[in-house]
Amino acid sequence: MNRPTAPSGKKAPNFAQASLLPLQKAEDCCHQAEPVAEPSAAARPAGNARYSWKVQGMDCPACARKVEVAVQQVAGVTQTQVVFATEKLVVDASEDIRRAVEDAVHKAGYALSVDGAAPQPHTAWREYFPLALITALMGLSWGIALFSPVGGKAAFTITTLAGLWPVARQALRQIRAGSPFAIETLMCVAAVGALFIGATAEAAMVLLLFQLGERLEAFAAARARRGVTALMALRPETAIRLRDGAMETVPVAALRPGDCIEVAAGARLPADGRLLNDSASFDESALTGESLPVEKSRGDGIAAGATSLDSKALLEVTSQPGDSAIDRILRLIEEADARRAPIERFIDRFSRSYTPAIMALALLTATVPPLLFGAAWSVWIYKALALLLIGCPCALVISTPAAITSALASAAQRGILIKGGAALESLGRIRQIAFDKTGTLTTGQPQVTAIRTFSTYSEAQVLTLSAAIERGSTHPLAQAIVRTAEERQLVLPNAEQQRTLAGIGIEATVNGERLRLISPARVPVTLLRAEEQALVQSLEAEGHTLVILLTGETALGAVALRDTLRSEAPAALAELGELGIQCIMLTGDNPRAAAAIADTLHTQFQAGLLPADKVDAVRKLSAASPLAMVGDGINDAPAMKAATIGIAMGGGTDVALEAADAALSHNRLNELPALIRLARATHNNVRQNIAIALGLKAVFLVTTLIGFTGLWLAVLADSGATALVTANALRLLRRKKQG
């Protein structure tokens with residue numbers, strides 16, 4: 001059934017400028033031409049070949065950096081890129097280096113599969129076995145220590161060695177791959193150092209916390225990557241192609257520009273196309289985020305992934321294989337992810353200088369005084385052991401994950417999903433928030449907002465007759481009208497001889513009278529008085545969508561519909577303003593509708609934006625200060641990835657949820673201020689923890705070297721710092737819910 005469009009007259013998304021991989025032009029619209037899957041020669045050095053794989057086993061962006069470092073050491077490699085969001089490794093090389101790259105990545109502790117091939121079977125037990133083993137041994141060791149301190153110490157030693165084995169093996173792999181001071185090396189130094197001075201329980205606990213953190217991070221990363229592939233669900237695997245008067249079902253990859261395809265009612269478009277029918281309605285909400293259907297006329301372009309409403313549509317394919325709107329959005333996500341520098345965990349960065357510095361200092365302490373000054377070896381070896389304990393980064397290692405874990409648990413109690421510590425840290429730096437309109441600031445469902453009468457009919461009669469005509473339709477506007485009539489408990493008469501008016505509206509016979517429900521643009525000017533025309537123009541200027549009820553040559557009334565603002569939106573944005581956050585609305589809707597919403601919220605806005613335009617706007621805003629992007633549609637996903645951090649509404653599409661770094665699972669905008677406060681509190685907590693850990697180490701470092709403190713006080717200092725850091729982090733769990 002055809003329906004009037006929203007006042008925006010939204011065009012089909014045009015992602016031509018977003019394309020990263022130019023494809024070969026078809027030689028003939030009736031003949032298949034092989035697509036060029038690789039970039040043109042101008043995109044990379046002459047003589048280079050490009051290879052791509054899927055990387056398995058990456059838990060965080062730091063893993064992507066490790067893979068890049070390992071591959072860059074392979075002879076013949078000229079350029080390497082790892083896109084963490086899609087697990088893709090792309091290598092440019094002057095020769096065939098596939099075997100060498102696969103060996104290098106394998107030695108670094110990761111697995112490769114050919115891009116596009118099925119991934120290797122997932123073996124969860126191998127991933128969780130080290131954590132389960134050290135947890136069980138830890139509990140057993142505590143039980144033994146209660147009855148026998150000596151036996152407990154031996155048990156903790158065995159527990160540490162069991163937990164150290166997989167970490168040490170990975171550390172050795174990273175050393176061979178060119179990353180000698182990764183976090184695995186830090187863990188090994190911490191555990192071995194603690195064992196060396198007898199802190200066996202502490203050594204085992206550090207490894208247990210490390211294994212737990214690694215599994216949680218791997219789980220979040222797997223969910224984030226899995227959501228990106230949901231884009232492909234919008235494009236069917238096959239299409240119905242019309243050729244020489246016959247219908248044939250072909251794979252989507254076989255479609256070429258110029259092919260004629262048929263899309264049944266309720267089905268999605270397999271490729272970008274140009275409409276061949278006189279008119280048809282399409283649901284583009286999955287791509288544009290706008291809830292109102294769009295009316296298309298002959299020759300209009302429609303993007304892949306849009307759904308044909310009410311009737312079958314004939315289209316001419318306009319996109320090459322692998323270059324549809326969906327493919328280009330996916331590449332936008334990859335491009336935005338690649339532009340963002342890999343967020344390395346603080347401890348991993350710090351350990352690159354901290355760990356070797358402490359080891360070198362301990363070695364110098366043990367050897368320099370005896371060798372140069374004839375001091376007693378036993379005294380300075382004792383001091384070196386104390387320094388090694390002081391340098392043991394147990395408290396430092398726990399400081400950041402303890403605060404982050406507490407904050408993530410606190411956020412979960414509010415119904416907020418935050419995907420890791422890096423996202424939480426970024427949230428604490430946010431100074432701007434960009435909002436999508438439909439489904440984010442608004443409910444995303446059209447509702448009847450006004451009913452106007454142009455005759456002796458009452459508002460109830462106009463609504464009753466309109467709902468009777470629309471009853472049975474799956475069109476969102478029709479459902480909104482029928483729903484409103486039912487809410488008002490109106491009795492709807494039976495409608496007969498319902499008929500869709502192509503490009504106009506719908507008509508039916510009700511109580512023996514022929515009625516039409518059509519767009520104002522299709523109503524002859526002579527049928528509306530001047531005041532009625534002014535009323536229609538006024539409502540449309542406010543962003544409403546209107547339908548006019550007619551009988552013969554008489555206008556009976558009008559029904560206005562509009563997507564409504566979320567009830568909590570004004571208060572949420574006002575509270576964000578009090579926190580020093582500047583808010584701006586980015587929408588693909590028309591400027592009139594956008595201005596109406598922005599005026600209510602007292603915020604800035606940019607309207608008429610396509611997905612690629614949103615990405616550009618986000619990048620420009622992010623250049624001024626850290627920015628968060630809040631959205632719910634697939635079209636928002638690239639902008640979320642381009643922003644400092646992406647925040648998705650919990651009721652949004654899977655792709656938006658998974659492309660985001662955080663999600664409001666309860667769809668409440670008033671949780672945003674609480675989220676910002678929590679992130680800032682966590683940032684302060686982490687800094688406090690680091691200050692405690694490093695401050696105590698600095699004090700005892702000096703006192704140990706001058707002989708005021710010894711091994712036992714060093715043990716107490718390290719354990720005390722760990723306890724203080726943990727207690728400080730737990731304060732985040734006691735933060736009361738705000739908003």
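According to the square roots a ≥ b ≥ c of the eigenvalues of the Cα gyration tensor, what is the shape class of the range 444-564, taking rounded for a/c under 1.5, prolate for a/b larger than b/c otherwise, and oblate for the remainder? In terms of gyration-tensor shape, rounded.
Each label was represented as a point 7 Å from its Cα along the Cα-to-Cβ direction; for A136 and A541 these points are 7.5 nm apart.
Counting beta carbons within 10 Å around each of H106, H544, H602 and listing the fewest first gives the order H602, H106, H544. Note on F373 and R99: the extension gain reaches 93.1 nm, defined as 0.36 nm multiplied by sequence separation minus the Cα-Cα distance. Among Q582, A571, S622, flag the residue with its Cα farthest along the positive direction of the charge dipole of the range 552-626, charges on Cβ as +1 for Lys/Arg and -1 for Asp/Glu. Highest projection toward the positive end goes to S622. Taking other C-beta atoms within 10 Å as the exposure proxy, K107, K88 rank K107, K88 from fewest upward.
Over 22 Å between C-alpha atoms is what I'm after, so list which of K419/K641; K66/K614; K419/K697 land there. Long pairs (Cα-Cα over 22 Å): K66/K614; K419/K697.
Potential lengthening of the chain between A460 and S113 amounts to 118.5 nm, from the contour at 0.36 nm per residue minus the alpha-carbon distance.
Under 9 Å from the Cβ of A558, count the other residues' Cβ atoms, weight Lys and Arg +1, Asp and Glu -1, and hand me the total.
On the way: positive: R452; negative: E532.
Combined, the nearby Lys, Arg, Asp and Glu give 0.
Peptides 153-162, 637-646 ranked from most to least packed give 637-646, 153-162, packing being the mean of other C-beta atoms within 10 angstrom over each peptide's residues.
With +1 on each Lys and Arg Cβ and -1 on each Asp and Glu Cβ, and nothing else charged, work out how big the dipole of the range 444-564 is about its Cα centre, in Debye to the nearest 20. Please report the intermediate quantities before stating the final value.
Details: 10 positive and 13 negative charges, 34 e Å.
Taking the Cα centre of the range 444-564 as origin, the dipole is about 160 debye.
Place a point 7 Å from Cα of Y128 in the direction of its Cβ. Which residues in the range 158-173 have their backbone N less than 20 Å from it? In the range 158-173, the label zone of Y128 (backbone N under 20 Å from the point 7 Å along Cα→Cβ) covers 163, 166-167.
Residue ranges 295-304, 529-538 sort as 295-304, 529-538 when ordered by packing (mean number of other C-beta atoms within 10 Å per residue, highest first). Each of K54, K620 was scored by other Cβ atoms within 10 Å of its Cβ. Arranged with the fewest first, they read K620, K54. With the simple spin-label model, which puts each label point 7 Å out from Cα in the Cβ direction, the Q604 to T78 separation comes to 4.2 nm.
Computed from the coordinates by the stated procedures, all read-outs in this text should not be read as laboratory data. Being a predicted model, the structure only gives us computed values, none of them experimental. Note that we place each Cβ from the backbone using ideal geometry, even for glycine, and neighbour counts take in every protein chain shown.
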